[in-house]
Each structure stands twice: as structure tokens, then as C-alpha cells.
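Novice: Dumping the structure here so I can ask a few things about it.
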Amino acid sequence: MNVLRRIGLSLFAPVLAVVVAVLISSAVMAALQVNPLRVFEIMVDFGDTPSQQVTALVVVLNRAVPLFLAGLAVAIAFRMGLFNIGVEGQYRLATILAAGAGAAVALPGPLHVLLIVVVAMVVAAIWAGIVAVLKVTRGVSEVISSIMLNVIALGVASFLLTGPLRGSPEGASIIATADIPESGWMPSLNGVFGLLGLANPPRQLYGFLVVAVVVGVLIGVLLNRTRFGFDLRAAGLSPSAASASGVDSRGMVIKTMLLSGAVAGLIGMPDLLGSTHSYTTDFTSGLGFLGIAVALLGRNKPVGIALGALLFAFLDRSLVPLQIQDFPASVVTIIQGTIVLAVVVANEVVRRVARRSAERGSATGAAVAGDGSTGPGQAASGAASIGGGADGGEGTGAGESRTTGAGQRSDERQETGA
Amino acid sequence: MATAGTSGGPASTGLTTDGGGPGGGTPLAVELRGITKRFPGVVANKDIELRVRRGEVHAIVGENGAGKSTLMKTLYGMHRPDEGQILLDGREVHFRSPADAIAAGIGMVHQHFMLADNFTVLENVVLGSEPTRGGRLDRAEARRRTREISDAYALGLDPDELVEDLGVGDRQRVEIAKVLYRGATTLILDEPTAVLVPQEVDELFGNLAELKREGLTVIFISHKLDEVRKVADSITVIRRGTTVGTADPKTTTARQLAEMMVGTELPSPEIRTSTVRETPVLQLRDVTVAAPTGRPPVDDVTLTVREGEVVGIAGVEGNGQAELVDAVMGLRHLAAGTVLLGGDDITAWSTRARREAGLGFIPEDRHRQGMLLEAPLWENRILGHQTRPPAVKGPFIDRRAARADTARIMRDYDVRAPGPDTLAVALSGGNQQKLIVGREMSAAPRLLLAAHPTRGVDVGAQGAIWRLLEAARAEGMGILLISADLDELIGLSDTLHVMLRGRLVATLDPSAVTPEELGGYMTGARTTAGAA
């Protein structure tokens, strides 16, 4: 009963959000004189023949893998309360350097792939590490520094692509790094279709899917089952309580950003190892920012992020068929945007409902016990009301020294707003 | 004047000098009748009677936690009383928000300034109720009115100076100007002298005299008795949530006031058989904590806690206790001095290493430092014990063991909650605190640092926590107890130090000291050299 209720609550938010998003985007499309029903029909139409349908599935999965990794990278930092907006720059820089490294050496198969992946992870981790070091030593907000490092990373990437790492001939329409030799390619998973008795599509299903799943499981275990993960989440839930418990908050910022960056380094790998084999001017971009949306959608939990990545990938797949049917591609962007907005709102609503039901759950017990419940009732919105809570009890100095400050500040806001 | 005379005590008629004269005809500027405010489980204010005449400085004194702030929040419309009436100039009012209170002419100067540092004085004063012309800030008008207020009350403000360039005293005057700008006729000053140095305090009192001369009413909240006697025209004393009387500052001594503040009830927590052993568990030697500016919050503190000993630190809030706690926990760097736990010099150790070496911690603000509110109880059981059994197995969290041990704590320490998976936020303050106490006790620390262990908990939980501390002490645990509750300090401590302005100014025998004497030492009215 309790478990059912919890699952119900955790599914409720995303489902509600998607429904609301579909309604809103339908309204927008209708206003733009696009027939929403027709659009949705094209979206779910995976083709007539089994081969077409499997191909569509492969396209969705191939797109979902990097989105999932991007979501994961963002979520790791999020769980500690850090906003890693720099995922975009981290993976772009990592990918071009990994492509360069991969093209420069010749190694036996698995080692070659491993080298490329390790280079990518290390580069992205270092790039994210800069953000962490700036934050810890100089107090620079990670939001600001990671945005700026994004710009620098993209600049450096273009410089490398047009300069030292250029592999395409002079005058080619698309500039690219030199191709990675075949020993550095990742085999596809298309054999699986044969085993499942499905048609073997012309598209290659990225072998990196397996890596992504493993990484997802590892991160899930790390965050939820280990001491390190506990420290990380504690620091995210309450930095002050975490440091009082012995978590070294500065060290935690650095470790978390390095980990987030290392995962970000993997984002470009599915495409690089599975299809393009070189970094080009039109290499997939924007995944870092989409990752933020996917992480929000998945509430920073690996399974949720996987579902969010699949949803976004599903929406992205319909871009081509929609354009073939003369629909504007922007409808997909509209839907994605409204989903993200709706998810943020729905998450908040569900969080409050869950919290209120938790409080009510024990309120009866507390009432029987004749116990005060000022703390929880008042603490619902953080520092502001903790002051009230402390005052409500025989609360003494804390209420007067630190916390009431916050409480009064919010009242001040009320007052000026009124 | 239907309820006249209910507050008893020596009423200070005849002291008022403003027009209208004493007695019948003139309604009081502020009158509170029977104000009661309950929060779930506690009564913060009970049957408060307050009568403030127009044009006087009226002080409200009481210990920390006596209910002064709750009362002022009621008067300022930040919450509504459950019972009782608020009368302004004889008419009953009902405030729904501070905006209502402001409209009725009540202004609040908060203890912590709420100014935008990178704005000028003028901008801060008008912020939120700007005079506009054609939708834009009318600077000329704003400047004229700011000047007018500054001149009328001798605040000496330069409208164009940046607030970040101002000293603390000037900032406070900006806050006062802000309130006056909004048309306040009754000003509430919440612990205004807490942040000021003595010369600034004198300047502030000059300003208050100016306000009084212009016919404004000032409600002055403080627990510094000497200041109150210097500035107030009349005094209302609050103890344990209710008004215990009024006093005339001209005829009342600081000692009498302290007695009214503290009451004369005997302390309920009592330890009388000494369990103090020889071995020291915690030694602080010349510990100094530096602040970026001003005097060090902890100044040259030396103390020893032995096995089986409770060492109490008494002091008015903000005299360095919080910084001392941080220093012992390793959350703050020492400017000088050493900290020894057992025989180990732990001065350079991390917080985690200190905890692993046997330092238990009950923080003063459990929501900030003691709990993860949005996490289940079993995760809160792990907090602070991430590296020790039973909660961990190697690098992994042992969820089952953590849940089982949480269930044990809930049983043994009477934590009332549905189960280990309940979110911590769902528990009452008392139950949260019992979980923290149980968690820290379960690790069998050598030294327990207990900062305000019974703050904000109901009476039942308070008694339970006291008994737990007594039992732990009997088993040989050393306890460093920081508290603002004098009964708690006197009742539990074997040795009692008084902390004032970062220093330990007196060491007292708790079996021989009365709360009044202790209160005297805490406010500096008494010194070890002799009574004031």
C-alpha cells in the first residue's frame, strides 16, 4: 500500500507534466494553424515495414544514449546542489581531444577504444575541475564560471579543429579531424536484433548503449549505496548539516565536479565511436543543455533520467518525418520546452503533497503524544520558517541571531510587495 | 481603561512628561490585553499585558526565549494572536500582515539590518515605497524627504552615501529613517544595541531621546539591564512567555530586574552526587577564534572537561558560544591555542577525524546542523557517523543495519514516529532532538558537546533529555554543555563557566550559585571581584 503510494506519487509528476505539456503545445500549434492531431500522429508513426520500425527504434535509442549520459552528468552535480551548466563545453572539448588522440595512435581494438574514452573523461573532468577549484578557492559561483568556460571550450575546440587537429583536406565543406582507425571503433549491437528475431535495420545500434547502462547503474549505486554518495547527497540536502557531520565540503565540491565532468566526457562517445569516427564542425551540439532538461525530467535519478532521455529522443526522432510532411520543426522544440516547464511545476507540487502527507502522517502520533510539532510545520519552506519554528518553541538565541534574520527578510519582501 | 491594574507591580505613573497628562483621558499608544500565542505543542506567549504611553521609551526585558520576539511579531502583524486584543490609541486593531501594522503607524527596526549594501542611503530609505513622477523614481522628492527626516530627528544621514561605506551605527540610523519615512509613530527596536559598541550605544540613545521629543513612541527590546535602566521611561518584564510585572527604571536596581527576569523558582534538573573522575577528556588551552573585523569572538579560552563531568558555559547569546562550539568541532580555524581530546592534540584534525575519535555533537540549531529534513530517519541516523558501524560496511552504506539501529533508537529514546522510513521533517522538534541525542549517545562518545540540548522542545522531551545526559555523565562521559537556560545549567553542571564577550569571566560552583547571581555575571553586572 505504502509502496504503491510512493510509486504512484513518483510517476504522477512526470505523467501529469507530459499531459499538461501535450495540452499546452496543442494549443500553441492550433494557434499557429498547425493541426496538432496530425503532428502527434506523425510522431508515433514508426513506419509500415518491420525494418522501418526497428530503424526508428534504433534512431531513438542512439539519440537517447548521449542524452542519458548528459542528464547523468548534470544530475551528479545537482544532487550535491551544484549547477553544472558547463557540461556542454566539457563534452565538446573532451570529444575533439579524444578524436585527435584516437586518430594519432594505433592500438589493438579494445585498448584503442579504452584510450579514447579515458582521454575524453580526463579532459572533461579537468575542465569541470577548473570550475570546482575556482569555487573552492575563490568563491566563484559555479554557474558563472561554467558558462564562461563553455565559451572558452567551444573557442578552443574550433581552434583545434581548424588548426592542429585538422584532418580534412583544404576547401572541404565540412572541416573534420582525421578519422579514427577502425581499431578505435565501437562495434554495433545489431546482432541483438537477429537474436530477438527482429529485422536487422540498416542503422547501427550504438555499442555504447551497454556502457551507458553500466555507467547508469554504477552512478546509481555510488549515489545511493555508498558512503561517498551519502556524503554527496547530505551536502546537497544541507551543506551546514553535512559539514557538522564531518563532510569536507570543499573536497566534496571538487570530487563531485570531477565525477560530473568525467561522465560528461562520455557524452560525445556514442556518436564518435559508433558513427562519425571524427569530430566535425557539425558534430552533435547542445547535448549539455538538453542534459539539464533531462535531469530535471528524471528528478536526478538514473532510472528517471533514462526515461526522460528516451522521451526526448522520441520527440527528436520525429523532426525528420515532420519536416518531410511540411510541418515546422519547431513544434518539437515547443513540446520539449513545455514538458520541462510542466515538469518543474509538477515536481514542486508533488514534493509539497508528499511532504504534507508525511507531516500529517506523524501529526496524529505527535498529537497523541502531546508533542509539539512546530519544527516540521514551520520548516516547510526552509530557513525563513525555521526562525518561526525556533521562536515557537522555547526557542531562544538561534531564532534571534541567525535564523530569524532570514525569516524577517522574507517578511520584508511581503511588506514591500504589499 | 477597563483592565487597568492587572499587571500589578510598581507602575511608573508621573514619569511621563508629554502633553495630555497622566491618568484617565489619554488613550495609551499601544495596549496589549491578554495576548496568547500558541504554536503546536508550546505556548510562546500567555496572557501578555502591555501598556505603552505615547511619547515614552518603553523597554521590554526578558531572557532569551522568554517570548519577547514572538510578542513583537504579534504587534508587527507577522502572525496573529490566538487570544487577546491589540489596541492602538484606544482603538482595537487586527493586523493581517506587517503592511497593516505599517499602515497603522508601527515600524520595526530589526536586529539584523535589511539594507541593500550597493544602494545609497536615499535609495534604501525609499525602497519599497518610492515617490514617483511619471513612473520614475523622483529623486529630488526622495532626497528632500530623507533630508527632512534626518534633520528632524538629528540622524545625521547623507542621502547620497553608499550604505556599504557606512558603519554599524549609521546603518542602524538608516533603518530608523526607513521606518520613519513610512510614517511610523511607534517604533519597535529589537535588540538594537546587540551590534553596537558603547559609543554607538550612546549615540543611539541620543537619537531615541530625539524621537521621544518629537512625540514618537519607542518600544525597546533588550536583555541588557544597565542600558535599559539608562534609556527607558518604563519597563515591562517578560518571563516564560508571560508578563511578570512592570518596573520604574528610576527606582529599580539591576539586581531587582534580574530577579524578575529569571524568577526565583528552583531548578528542576538536579545532579548532586559528583561523578567527576580525574582523567581529562577535553582540554582547551588559550583558544582564540579570530573574526575578520573587530574583537575575536572567542578570546583566550582555557577549560578542562573530565570524565564524568558536566562543564556548563553560561552566557547571553552571541558572546562567543557558537564560535567556541565551532572551534571544538573543527568547523572553524583557531587563531591561537590548542584543543586536546584525551591525550591527542586535535587542533589540526578535520571534523570527521574528531568525530571518529569520540566527539559527539548536539548542535544548537538542529535543522541547520543536526538533520537532513528531507531525508528519512535512517539516513539521519547515519549522519555524522558515516564512517562507523553499524551504518556502514566498508565503503557501502548498510541500509538494513541502519534501519534496524534507527528502530532501536526510536524504541530506547522514545522517538515517536511511524518508522525509520519517515522523513525527518515529519517529526516534532522534541522527537527530532531525541533522535539526535540517541544517535550521538549510541556512538558512546568520550566527550559530548551539547549546545542548547533542550532548546525548542516541549517540557516532556526536555526532562527526558536531561535524564539521558545525567545517565551518560554517570557512565563517565564528559559533557560540555552550552545553554541559555539557567536552570538547566545550574541543575546539570559540575562546573560552571560564564562567557562574556568571548572570554570566560567567571568560574562558579553551581551548587552555590543562584540564577539571579548567574544572570548578573552573564550581563556583566557582577564580576568575580565582587557584586555590582
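Novice: Between B:GLU130 and A:ASP48, what is the label-to-label distance in nm when each label sits 7 Å out along the Cα-to-Cβ direction?
Specialist: 6.6 nm
Novice: Using label points projected 7 Å from each Cα along Cα→Cβ, tell me how many nm separate B:GLU475 and A:GLN323, to one decimal.
Specialist: Those two pseudo-labels are separated by 7.1 nm.
Novice: Going by amide H atoms built from the backbone, whose H comes under 5 Å of the H on B:THR242, apart from near neighbours?
Specialist: B:LYS46
Novice: Between 0 and 90 degrees, rounded to the nearest ten: what's the tilt of helix B:198-213 against the longest Cα principal axis of chain B?
Specialist: 40 degrees
Novice: Could you point to the residue in A:PHE193, A:THR162, A:ALA262 farthest towards the positive end of the protein assembly as shown's charge dipole, with +1 and -1 charges on the Cβ of Lys/Arg and Asp/Glu respectively?
Specialist: The residue sitting farthest along the positive end of the dipole is A:PHE193.
Novice: Could you tell me the distance between the Cα centroids of segment A:123-142 and segment B:329-375, to the nearest Å?
Specialist: Comparing the Cα centres of segment A:123-142 and segment B:329-375, I get a distance of 27 Å.
Novice: For the protein assembly as shown, build the charge dipole from Cβ charges (+1 Lys, Arg; -1 Asp, Glu) around the Cα centre, then report which of A:ILE76, B:LEU50, B:TYR181 sits farthest towards its positive end.
Specialist: The listed residue farthest towards the positive side: A:ILE76.
Novice: Separate question: Give, as ranges by residue number, the residues of segment A:316-359 whose backbone N falls under 16 Å from the point 7 Å along Cα→Cβ of A:ARG38.
Specialist: From segment A:316-359, the list is A:321-332.
Novice: Measure nothing but the geometry: give the 0 to 90° angle between the long axis through the Cα atoms of B:399-412 and the longest principal axis through the Cα atoms of chain B, rounded to 10°.
Specialist: Roughly 70 degrees between the two axes.
Novice: Answer rounded, prolate or oblate for segment A:49-301, using the Cα gyration tensor with square roots of eigenvalues a ≥ b ≥ c: rounded when a/c is under 1.5, else prolate when a/b is larger than b/c, else oblate.
Specialist: Since a/c reaches 1.5 but b/c is at least a/b, the shape of segment A:49-301 is classed as oblate.
Novice: Moving to a separate point now. Could you put B:THR273, B:THR454 in order, starting from the residue whose Cβ has the fewest other Cβ atoms within 10 Å? Walk me through the numbers before you get to the answer.
Specialist: On the way: B:THR273 5, B:THR454 25.
Least to most surrounded, the residues fall as B:THR273, B:THR454.
Novice: Which FRET efficiency, nearest 0.05, do A:ARG166 and B:ALA404 yield, Cβ-Cβ r, R0 51 Å? Intermediate values should be presented prior to the final figure.
Specialist: Values: r = 62 Å, r/R0 = 1.22.
Once rounded, the FRET efficiency stands at 0.25.
Novice: By count of other Cβ within 10 Å, fewest leading, how are A:VAL118, B:VAL61 ordered?
Specialist: Working: A:VAL118 14, B:VAL61 26.
Going from least to most buried by this count: A:VAL118, B:VAL61.
Novice: Does chain B come out rounded, prolate or oblate, given a ≥ b ≥ c as the square roots of the eigenvalues of its C-alpha gyration tensor, rounded meaning a/c under 1.5 and, failing that, prolate meaning a/b above b/c?
Specialist: Prolate, because a/c is 1.5 or more and a/b exceeds b/c.
Novice: What is the helix-to-structure angle for B:139-152, meaning the angle in degrees between its Cα long axis and the longest Cα principal axis of chain B, kept from 0 to 90 and rounded to the nearest 10?
Specialist: 90 degrees
Novice: Which of the residue pairs B:LYS178/B:LYS212; A:LYS135/B:LYS393; B:LYS68/B:LYS230; B:LYS393/B:LYS434 have a Cα-Cα distance greater than 28 Å in the structure shown? Please report the intermediate quantities before stating the final value.
Specialist: Working: B:LYS178/B:LYS212 17 Å; A:LYS135/B:LYS393 32 Å; B:LYS68/B:LYS230 20 Å; B:LYS393/B:LYS434 26 Å.
From B:LYS178/B:LYS212; A:LYS135/B:LYS393; B:LYS68/B:LYS230; B:LYS393/B:LYS434, over 28 Å: A:LYS135/B:LYS393.
Novice: Please work out the FRET efficiency for the pair B:ALA357 and A:ARG352, using the Cβ-Cβ distance as r and a Förster radius of 41 Å; give the result to the nearest 0.05.
Specialist: Working: r = 41 Å, r/R0 = 1.01.
It comes out at approximately 0.50.
Novice: Given R₀ = 41 Å, FRET efficiency for A:ARG225-B:ALA291 by Cβ-Cβ distance, to 0.05? Write down the numbers at each step before the final one.
Specialist: Values: r = 42 Å, r/R0 = 1.02.
The value I calculate is 0.50.
Novice: Mind running the shape call on the protein assembly as shown? Use the C-alpha gyration tensor, a ≥ b ≥ c as the square roots of the eigenvalues: rounded below 1.5 for a/c, prolate if a/b tops b/c, oblate otherwise. Can you show the working numbers first?
Specialist: Working: a/c = 2.23, a/b = 1.71, b/c = 1.31.
It is prolate, given that a/c is not under 1.5 and a/b is the larger ratio.
Novice: Can you list residues from other chains, or at least 5 along the same chain, whose modelled amide H is less than 5 Å from the amide H of B:LEU496?
Specialist: Amide H neighbours of B:LEU496, under 5 Å, 5+ apart: B:GLY312, B:LEU508.
Novice: In whole angstrom, how far apart do the alpha carbon centroids of segment A:301-342 and segment B:110-188 sit?
Specialist: Going from one Cα centre to the other spans 52 Å.
Novice: Take the Cα of B:ARG277, step 7 Å along the line toward its Cβ, and report every residue of segment B:348-362 whose backbone nitrogen sits under 18 Å from that point.
Specialist: Under cut-off, by backbone N: B:357-360.
Novice: How large is the charge dipole for segment A:49-301, taken about the Cα centre, if only the Cβ atoms of Lys, Arg (+1) and Asp, Glu (-1) carry charge, to the nearest 20 debye? Don't skip to the answer; put the middle values down first.
Specialist: On the way: 14 positive and 9 negative charges, 167 e Å.
The dipole magnitude comes to about 800 debye.
Novice: How large is ³J(HN,Hα) for each residue in segment B:280-289, as worked out from phi by the Karplus curve 6.51 cos²θ - 1.76 cosθ + 1.60 (θ = phi - 60°), to whole Hz, x for Gly and Pro?
Specialist: 3J(HN,Hα) across segment B:280-289, in whole Hz: x, 9, 9, 10, 9, 10, 6, 6, 10, 10.
Novice: In whole Hz, with x marking every Gly and Pro, tabulate ³J(HN,Hα) for segment A:22-29 from phi via Karplus 6.51 cos²θ - 1.76 cosθ + 1.60, θ = phi - 60°.
Specialist: Working through the residues one at a time gives 4, 4, 5, 5, 4, 4, 4, 4 Hz.
Novice: If the label point is 7 Å along Cα→Cβ of A:SER249, which residues in segment A:115-141 have backbone nitrogen under 18 Å from it?
Specialist: Answer for this model: A:132-141.
Every number here is computed from the coordinates shown, using simple stated rules; none is lab data. Everything numeric in this text was worked out from a predicted model, so none of it was measured. Neighbour counts are summed over all protein chains in view; Cβ atoms, including those assigned to glycine, are modelled from backbone coordinates with ideal geometry.
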